[in-house]
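Since the structure comes first, as structure tokens, the remarks are kept for the end.
The values are calculated or read from the model by the stated rules, or taken from the named source; none is laboratory data. These numbers come from a predicted model, not from an experiment. In this analysis, Cβ positions are derived from the backbone assuming ideal geometry, glycine residues included, and neighbour counts consider all displayed protein chains.
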Amino acid sequence: MRLDPRPIGVFDSGIGGLTVVKEIMEFLPNENIVYFGDTARVPYGSKSAETVIRFAFQNTRFLLTKDVKAIVVACNTASAVALKMLQESFDVPIIGVISPGANAAVKATKNKKIGIIGTEGTINSRAYEKEIKRLLPDAEIFAYPCPLFVPIVEEGWANTKVSYMVAEEYLKPLKASLIDSLVMGCTHYPLLTKVVDDVLDHKVKLINPARETAIELKNILIQNGIENKEDALGQYEYYVSDNPEKFKRVGGNFLEHDIINIKKIDIEKY
């Protein structure tokens, strides 16, 4: 029996990465988790690659002070521009959300028409597109940024008239393209699953990279012999760089339970 109670580290530009944490909790209920949300510097999607890389390294160094055994880059933008450098620079297993999501989309498509929605940073990086093309060279990719989805989710308006009106506008070109699978390429977007599914008339397979990432993480822990076999539910710690009260309030909607054990830190120290 393997017993490695060291926590899994997860970081995101803010609150959205909690959708990844929620999936990890489901697939790996015994694992302890340390989460960092960079709420002082959110969003990452509109920042330069150099800035996002610097933030990603600071976030990783902070998590390593918590003796984490693996790190999940739950931010799509940071996964797109910084993951490879992080993997080359640190000794723990580090995974992002791009590859698992792209792989799931390739497996799901029948007509090879795949849609991608995300922040401007993620879409402009073409990270999902490159990974999908690597796996399925003749895929047709239709990628569009949906920047208003993030503030809509954070305002708690995920299933309101506002979200439906915005989704109708954003998804018009995707409906016309006859895609059969769609990557929800931002950690906030799973909270809009019902809205997107409704607007696309329930005809498109929606890919949640958060779920696929949790599955990949489980496989990596097993392969490295570092899963926690302790017969107890995991313990969770949350850290933010600003505004812990908003994180508690909005984050509770992401996890569907109250957030406790949250602390504010100065991430610029790392």
_Would you confirm whether or not the stretch 138-153 contains a residue that is in contact with a Ser or Thr (Cβ under 6 Å, 6 or more places away or on another chain), aromatic (Phe, Trp, Tyr) and more than 18 Å from GLY16 (Cβ to Cβ)?_
yes
*With respect to GLY156, determine if the residue is over 29 Å from LEU3 (Cβ atoms), in the same structural domain as LEU28 (by TED's automatic domain parsing) and within 21 Å of the chain's Cα centre (by Cα).*
no
*Within the stretch 172-213, can you find the residues that are polar (S, T, N, Q) and either outside any helix (DSSP H, G or I) or closer than 20 Å to ASN159 by Cα (or both)?*
SER181, THR187, THR193, ASN208
*asked:* I need the full set of residues from the stretch 159-178 which are over 23 Å from the mean Cα position of the chain (by Cα) and touching a residue at least 24 places away in the same chain (Cβ under 8 Å), in order please.
replied: GLU168, PRO173, LYS175, SER177, LEU178
_Could you check the stretch 243-265 and list, in sequence order, the residues that are among the charged types (D, E, K, R) and either outside the structural domain of ARG41 (by TED's automatic domain parsing) or over 17 Å from VAL42 (Cβ atoms) (or both)?_
GLU256, ASP258, LYS263
*Sort out which residues of the stretch 220-230 are in a helix (DSSP H, G or I) and surrounded by fewer than 12 Cβ atoms within 10 Å (Cβ to Cβ), and write them in order of number.*
ILE222, GLN223
*asked:* Being small (Gly, Ala, Ser) and within 19 Å of TYR128 (Cα to Cα) narrows it down to one residue among SER177, SER241; which is it?
replied: SER177
*Any residue in the stretch 30-51 that is of a type outside the set (Phe, Trp, Tyr), part of a helix (DSSP H, G or I), touching a Ser or Thr at 6+ places or on another chain (Cβ under 9 Å) and modelled with pLDDT of 95 or more?*
no
*Which of the residues spanning the stretch 105-127 are modelled with pLDDT under 95 and either of a type in the set (Asp, Glu) or not in a helix (DSSP H, G or I) (or both)?*
GLY118, THR119, GLU120, ARG126
*Given the residues LEU206, LEU233, which is the only one that is farther than 18 Å from SER13 by Cβ and surrounded by 14 or more Cβ atoms within 10 Å (Cβ to Cβ)?*
LEU206
*asked:* Could you tell me how many of the residues in the stretch 134-171 are in a helix (DSSP H, G or I) and out of contact with any helix residue (DSSP H, G or I) (no Cβ under 9 Å at 6 or more places or on another chain)?
replied: 4
